[in-house]
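Take a look at this one; I'll ask things after.
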Amino acid sequence: MRRSMWILVPALGLAVWGLLATRSPARSEVGNVERLAPDVYFYEGDLKGRGHCNNGWVVFEDYVLVIDANFPSGAKETLAKIREMTDKPVRFAFDTHHHGDHAYGNQVWVENGAVPVGHTGVAEEMKKYEPSRWEEAAKGREDVRASKLKPPTVLFPDTLIFDDGKHRVELRHFGVAHTHGDGFAWLPKEKVLFTGDACVNGPYNYMGDGDSGQWIKTLARAQRLGATTIGPGHGPSGTSTLLDEQILYFQTLRRRVRSAVDGKSPGEVQAAIETLRVQITADPRIARFVGDFFPAQVGKVYQELTGKTLPDRKAERDAARWHLAWHHPHNH
Ligand SMILES: [Zn+2]
């Protein structure tokens, strides 16, 4: 008995080591503030439990700039984390895009003295989709119901720069990606890039409001910045390879769907979704991007490539409800 234990323990250790070694580069953890560089922080939101997005913040000489407004409950949680380290005022809340988990917390930041900032496309998308999406989210979320919709009031068409000599943050728009108004926060000195949902680290790509072909080009422009640390919209932080892998996932998805479409009816393509899932999951670099949204992702790419829709669009509706209002489809 004792002898077999001695053999088992190192074997177990090796197995655990093997698991850790093959994990994607990730240093953050839900509930823990991660310091990416001096005065630059990343906080991975509680996505599964409360639908929160990730937040970043930069402590300037006189104020704090927070990246993403989160849902109202996430805004309060992140504000408390910021307050634990500095009493400088939070002056700006940057919405990386218009979705509720990144922008519905704007009112919380306003009440705490900040101004919501976004690419002009964020305001345009809100005009297009709101207030109906907000009302839908309010039905299922107490925090949204208790707050109000507040679009960004400082808008930039292309670039907005915050620079106090010590820190520099460039808010940039590189084109259509996850939405038509995605903004990135780029810190050239620290080589840190906050991406919003234009890049995620895990099975979180909601594609319903974007365009995957343009998304790849937009990410390629972001890639040219030369970031070494990535703060994604959902999932743990990563290194430059995270951007490469996010691009590779969309390229592979488009290539696989394109070949599945060849000579097939929409119903046949729909029936092939699980085969596509197995094929794409076989690549270890991108397997972690495949998850519950996969059938909806295939449906969206199919529509982009053919102009037609798959016969059963339930997965696409569920993905929209899940990503936009954070009603988990399995809870219905
Ligand atoms: Zn989103």
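Scan around PHE156 for amide H atoms under 5 Å from its own, H built in the peptide plane at 1.01 Å from N, and keep only partners 5 or more places away or cross-chain.
When sequence neighbours closer than 5 places are left aside, the close amide H contacts are GLY118, HIS119, THR120.
Tell me what the chain gives for mean residue ellipticity at 222 nm when only DSSP H runs of n ≥ 4 count, each as -39,500 (n - 2.57), the sum divided by the residue total, rounded to 500 deg cm²/dmol.
-13000 deg cm²/dmol
Roughly how big is region 235-296's charge dipole about its Cα centre, with Cβ charges of +1 (Lys, Arg) and -1 (Asp, Glu), in debye to the nearest 20?
Approximately 120 debye in magnitude.
Just to confirm the filter: which GluC sites (Glu not before Pro) across region 40-82 are DSSP coil and have at most 15 other Cβ within 10 angstrom of their Cβ?
Loop-located and lightly packed - GLU61.
What does the charge dipole of the chain about its Cα centre add up to, to the nearest 20 debye, if the Cβ of each Lys and Arg holds +1 and the Cβ of each Asp and Glu holds -1?
With Lys and Arg at +1 and Asp and Glu at -1, about 840 debye.
Now for a different question. Ordered by residue, what ³J(HN,Hα) values in Hz, to whole numbers, does region 31-39 give under the Karplus form 6.51 cos²θ - 1.76 cosθ + 1.60, where θ = phi - 60° and Gly and Pro are x?
These are the phi-based 3J(HN,Hα) values: x, 10, 7, 10, 8, 7, 6, x, 6 Hz.
Here's another thing I want to ask about it. Could you list the trypsin sites (Lys or Arg not before Pro) in region 260-332 that lie in coil according to DSSP, counting only those with at most 12 other Cβ atoms within 10 Å of their Cβ?
Passing sites in region 260-332 are LYS308.
Put +1 on the Cβ of each Lys and Arg and -1 on the Cβ of each Asp and Glu in the chain; which of LEU243, GLY45, SER147 then has its Cα farthest toward the positive end of the dipole?
Among LEU243, GLY45, SER147, the one farthest towards the positive end of the dipole of the chain is LEU243.
Indicate the helices, whole DSSP H runs only, in the chain that combine a mean Kyte-Doolittle hydropathy of 0.0 or more with a Cα extent along their long axis of 30 angstrom or more.
Result, helices passing both filters: 2-22.
Give me a comma-separated list of calculated 3J(HN,Hα) values for region 52-66, in order, Karplus coefficients 6.51, -1.76, 1.60 applied at θ = phi - 60°, integers in Hz, x for any Gly or Pro.
Calculated HN-Hα couplings, in order: 6, 8, 7, 10, x, 8, 10, 8, 7, 3, 10, 7, 10, 10, 9 Hz.
On to the next question. What is the chain by shape, rounded, prolate or oblate, if you read a ≥ b ≥ c off the alpha carbon gyration tensor as root eigenvalues and call it rounded for a/c under 1.5, prolate for a/b larger than b/c, and oblate otherwise?
Here the chain falls in the oblate category.
Could you give each residue of region 96-102 its phi-based ³J(HN,Hα) in whole Hz, using Karplus coefficients 6.51, -1.76, 1.60 with θ = phi - 60°, and x for Gly or Pro?
Karplus-based 3J(HN,Hα) across region 96-102 equals 5, 6, 7, 4, x, 6, 10 Hz.
Still on this structure, please answer the following. What is the distance in Å between the Cα centroid of region 270-332 and that of region 215-263?
What the calculation gives is 16 Å, centre to centre.
Between rounded, prolate and oblate, where does region 67-157 land on the alpha carbon gyration tensor, with a ≥ b ≥ c its root eigenvalues, rounded for a/c under 1.5, else prolate if a/b exceeds b/c?
Because a/c hits 1.5 or more and a/b fails to exceed b/c, region 67-157 counts as oblate.
Moving on. For region 207-241, state which trypsin sites (Lys or Arg not before Pro) are in a DSSP loop and have at most 10 other beta carbons lying within 10 Å of their beta carbon.
ARG224
Every number here is computed from the coordinates shown, using simple stated rules; none is lab data. A quick note: this is a predicted structure, and the numbers were derived from the prediction, not measured. Positions of Cβ are backbone-derived with ideal geometry, glycine not excepted, and every protein chain shown enters the neighbour counts.
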